[in-house]
1. Once you charge only the Cβ atoms, +1 for Lys and Arg and -1 for Asp and Glu, what is the size of the charge dipole of region 2-179 about its Cα centre, to the nearest 20 debye?
2. Give a residue-ordered list of calculated ³J(HN,Hα) values for region 26-43 (Karplus: 6.51 cos²θ - 1.76 cosθ + 1.60, θ = phi - 60°; whole Hz; x for Gly, Pro).
3. I need the Debye-formula profile for region 104-171: one equal scatterer per C-alpha, no solvent, reported as log10 I(q)/I(0) at q = 0.13 1/Å, two decimals.
4. Arranged by the count of other C-beta atoms within 10 angstrom, fewest first, what order do T127, T136 take?
5. Take the alpha-carbon positions of the chain, form their convex hull, and give its projected area averaged over all directions (one quarter of the hull surface) in nm².
6. Given a Förster distance of 35 angstrom, what is the FRET efficiency for K84 paired with D6, based on the Cβ-Cβ distance and rounded to 0.05?
7. Can you find, among L116, V79, A161, the residue farthest towards the positive end of the dipole of region 61-181? Put +1 on the C-beta of Lys and Arg, -1 on that of Asp and Glu.
8. Once amide H atoms are placed 1.01 Å from N in the peptide plane, what residues at a sequence separation of 5 or more from L9, or on another chain, have their amide H within under 5 Å of its amide H?
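Since every read-out is calculated from the coordinates, none of them should be taken as a lab result. No experiment lies behind these values; they were computed from the predicted model shown. All Cβ positions, even for glycine, are placed from backbone atoms using ideal geometry, and neighbour counts span all protein chains on display.
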Amino acid sequence: MRQDIDYILIGEDQIKQRVAELAAEISADYRDLGDLLLVGVLKGCAMFMVDLARAIDLPLAIDFIAVASYGASTESSGVVRLIKDLDTDISQRHVLIVEDIIDSGLTLAYLRSQLLRRNPASLRICTLLNKPERRTADVPVDYIGFDIPNAFVVGYGLDYAERYRNLPFIGVLRPEVYQSA
Ligand code: 5GP
Ligand code: MG
Ligand code: MG
C-alpha cells in the first residue's frame, strides 16, 4: 500500500495537532448556542469525524449523509447524487457539515442547498482539506484544516477506488496507480 504513495503531504502528528486546533475553535464558537449537530459526509469524513468529535468539548450529536460524485475516477463528474439521507430532522438545529476535502466545491454546493431547505438554525462547513485552485462552485467554508495544492491525495479516510482510507497520513498517490487503472 505504501509503495503506491509518492510522498507524505501531511503527517500523522500534523493532522492530530490541526484537528485539536479546529476542535478548540469550534468549541468556542458553539459554546453559547447549546446545540451542535455534526453531519459527516460519508465515507471520506470517517477518520476526521471521529477524531474531531472526540476533541470538541461540548455536548453534540452526530449524523451522516452520503453522496456520490466521483465513482472510481479522480475527477468530479459534476453530478451529485444523495445515497443516504440524514436520520435527524435538522430544522432549528445548529448544523456543522464535516467533509474530508473540497475540490471543485460541487458536492458541497449541492449538499448545502439541500440542507438549507430544511431550515436549520445555522449551517456551517468544516473541511479537513481544501484545494483552492480547483474551485468552480462558490461555497462558503468556515473551518479549513489545510489548504493543499492540486494533487490527488489519499489516506486518513480518503480513498482511491475504496483503498488507502486506513493510511494514518495524507499522501499523494503515484499517478501510475490511477493512470494504469
Ligand atoms: P468536489 O465536488 O469538491 O469536486 O469533490 C468532493 C469530493 O471528491 C470529496 O469529498 C472527495 O470524496 C473527492 N475528492 C476530491 N479531491 C480528492 C482527492 O484529492 N483525493 C480523494 N481521495 N478524493 C478527492
Ligand atoms: Mg467527501
Ligand atoms: Mg472517494
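1. Computed charge dipole of region 2-179: roughly 340 debye.
2. With the stated coefficients, region 26-43 comes to 5, 4, 5, 5, 9, 3, 7, 7, x, 7, 8, 10, 7, 10, x, 9, 5, 9 Hz.
3. -0.45
4. Placing the least packed residue first, the sequence is T136, T127.
5. Averaged projected hull area, Cα only: 9.7 nm².
6. Working from the Cβ atoms, E equals 0.60.
7. L116
8. Amide H neighbours of L9: I170, G171, V172.
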